Structures are given as structure tokens and as C-alpha cells.
Amino acid sequence: MPPSAPARTRTLLEVACDESGSEGEKLVRGSTHVFAHASIDVTTERALETIERVRVEARSPATEVKASVVLRPQNWRLLEWLLGEDGPFLGHAQVHLTDKALHLTGRMVALLDGPAPSLDAHRRAVFLYEVARRRLGPGRWEAVLADFNDIVRARSPEEAAASAHSLWAGLLELDDLGAPVEGLVAGVPLDDAGLDRLVGHGRTVLDPIVPALADVLRHWGAEGRPLWVVHDVQATLTDAAIRTAVGSSPGGPSNALEGITFVDSQDDARVQLADFLAGAARRIAAHVLEGRADPALVDLIAPYVSPRSTWLGAWPSDGSA
């Protein structure tokens, strides 16, 4: 009887990632309302060819591709090609979008709210976000969120105390307007012991790059191949953050992760392309939130937007891009 054939080794899938709009755990009152994280499955050869074409057609002397170059009105045809059927991304890329204020609302509900059997934490956060913006106005709601953000980022209970009292007052204002915040009001710690349980956790619970990485693992791991991530250098992706991302779907596709390599985007053409895609998506999404979206650009980026994004925008996507 002939010997059995050796087990076939599964081919490693390597994806390159970069982000745009990262301000760490500072989620409101920063430079942008949107965080975008792109992941691509493109060969180095294709990436180099793309970068050279962008450089030539955009007449750019830059050695590193940036979204701002191809988002200029005179480079519209180039952008159309990059995101269209003949470009390098379609079928080989995904973007995870985060509305930072919505993400922060979710973190506040998870850390402060009591049990609510009728709604899960995500649905409660979305409901609160929409109601609060209507009844307080986006600016006032952002101020309330900023107080919570400052508490969790604080270095001591003493530093967090003023923000805690301000947060409590802001939530009471919402309560008076009929918003469903009873559990949140009761959950705001006003004593040192309670504050001590919250402060200093900013990096581990707030940074949107953690759920974005979890989405990368879930999306690309679903192909059933061992996965290696090549990521632009990112200080907040600590070992603990990576373990959190992997553990967000225990037993799921994210277990396909074999490892992560961190590189400077200038040293890897694939990461440069991921940086472009993330930057373009962030700019377009920011304009959507600001009410000045370009419908043509929205249509171009829509196929890449992950359906698991922390986003309430109207970009239907089946996640197949």
C-alpha cells in the first residue's frame, strides 16, 4: 500500500494595514471626528506599480503616497481608477470606519450603565447617541462625552473629580429631557474609590484601533488561511491590545492570526497603499458627518466599508470588497 500523501500546508495570507485619524484614546475635541483603518491583500509588485502610476499621473515628487494627493480635484480620474474595477483595491481591501463620538458613547455605556435586558450594549449606545444629539445638540453632547473621556484618561482620582461632577450634571440634564440615562447617572463615580476603578484605563478601553484590528482578523481570517498582519508602526498596538483584539471573537476566524510585523510605511509599498486608502476613507467619511458629502466619492468608497464599522452612515456594504 503506497504511503499516504503528506498533509498540504495552507498558504499564508499576508495583509498590510494602516490607519488615518488616530489620536489614541482622545476621542472628542481632537483634530478629526473619524478614525479609519484599512487592510489590503495586494502584492508588493502591484503596490510598487500603483505608487509609481500615482506619482507620475499626479505629478507628485513625493516618495510616499498620501490620500491628499489623489483627493485633489485635478486628480479625480486617478482616484476613480484606484477605487474602481480596474484599480488595485476592489476585491482586495476593507476599511473599518469609526465615528469617534459613537465609539465613546459605547464605551461609556459599557463602563457606567447597569444591566438592561431588553437591549444589548451596542443598541443602547446607538439609541443614546441619537437621542442625546437630538435633545442636547451635537456640541453639548460632545461636551458630556469629553467629561467621560477625561475621567478614563486621567492619571488619578483627584484629576478626574471635576470631570466626574461635570459628567454627572450633563447626564442629569439629559435625564430631565427624557433621555434613557438613569443607569448612567447612577454609574458615575463621585468618590475616590469609584473613580479609582475608572481612571487610567484610556488606552486599553478607548482606542478604536483595537476593534478595528479585531475586524481585520475576523474579515481576513474568514478565508480559513493562516494570517499574518503587516502594520504601520503603532505604539498603541501593545501586546495587551493585540490579545484583546484576538480575544474579541474566541473560537472564531481571528484565531487564524500567526503574527504581526510592524514596519515604517516608507519601507513597505503595501502599507503605503493601505495608508492612502485609510486617508481617503477618513476624509470622505468626515465630510459625511459634517453634512457636506460628495455623493460621487461616497459611491466610490462604499464597497470597501466594513459592515462591522462603528458607524451609522448610509453606506450599504456586504463586506465583499
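The values are calculated or read from the model by the stated rules, or taken from the named source; none is laboratory data. Please read these numbers as outputs of a predicted model, since none were measured by experiment. All Cβ positions, even for glycine, are placed from backbone atoms using ideal geometry, and neighbour counts span all protein chains on display. Heavy atoms of the whole protein, side chains included, go into the accessibility calculation; ligands, DNA and RNA do not. Shrake-Rupley method; radii C 1.70, N 1.55, O 1.52, S 1.80 Å.
Table for the structure above
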| item | result |
| --- | --- |
| Given (1) modelled with pLDDT under 95; (2) outside any loop (DSSP other than H, G, I, E, B), index of the condition T32 fails | (2) |
| Residue, modelled with the highest pLDDT, within segment 145-164, restricted to residues that are acidic (D, E) and under 21 Å from H103 (Cα atoms) | D147 |
| From the options L273, L300, residue that is farther than 17 Å from S39 by Cβ and part of a helix (DSSP H, G or I) | L300 |
| Helices (runs of 4 or more DSSP H) lying entirely in segment 107-210 (those with 2 or more residues that are surrounded by 21 or more Cβ atoms within 10 Å (Cβ to Cβ) and in contact with a Leu (Cβ under 9 Å, 6 or more places away or on another chain)) | 121-136, 138-153, 157-176 |
| Neighbours by Cβ (under 6 Å, 6+ apart or cross-chain): first from segment 74-98, without any contact (Cβ under 8 Å) to a residue 40 or more places away in the chain; second open to solvent by 10 Å² or more (accessible area, probe 1.4 Å) and in a helix (DSSP H, G or I) | L78/E57; G87/W81 |
| Residue under evaluation S248, criteria (1) surrounded by 14 or more Cβ atoms within 10 Å (Cβ to Cβ); (2) modelled with pLDDT under 90; (3) farther than 23 Å from G106 by Cα; (4) hydroxyl-bearing (S, T, Y), criterion not met | (3) |
| Leading residue by the ranking (least open to solvent (accessible area, probe 1.4 Å)) among those in segment 226-241 that are of a type in the set (V, I, T) and either part of a loop (DSSP other than H, G, I, E, B) or in contact with a His (Cβ under 9 Å, 6 or more places away or on another chain) (or both) | T236 |
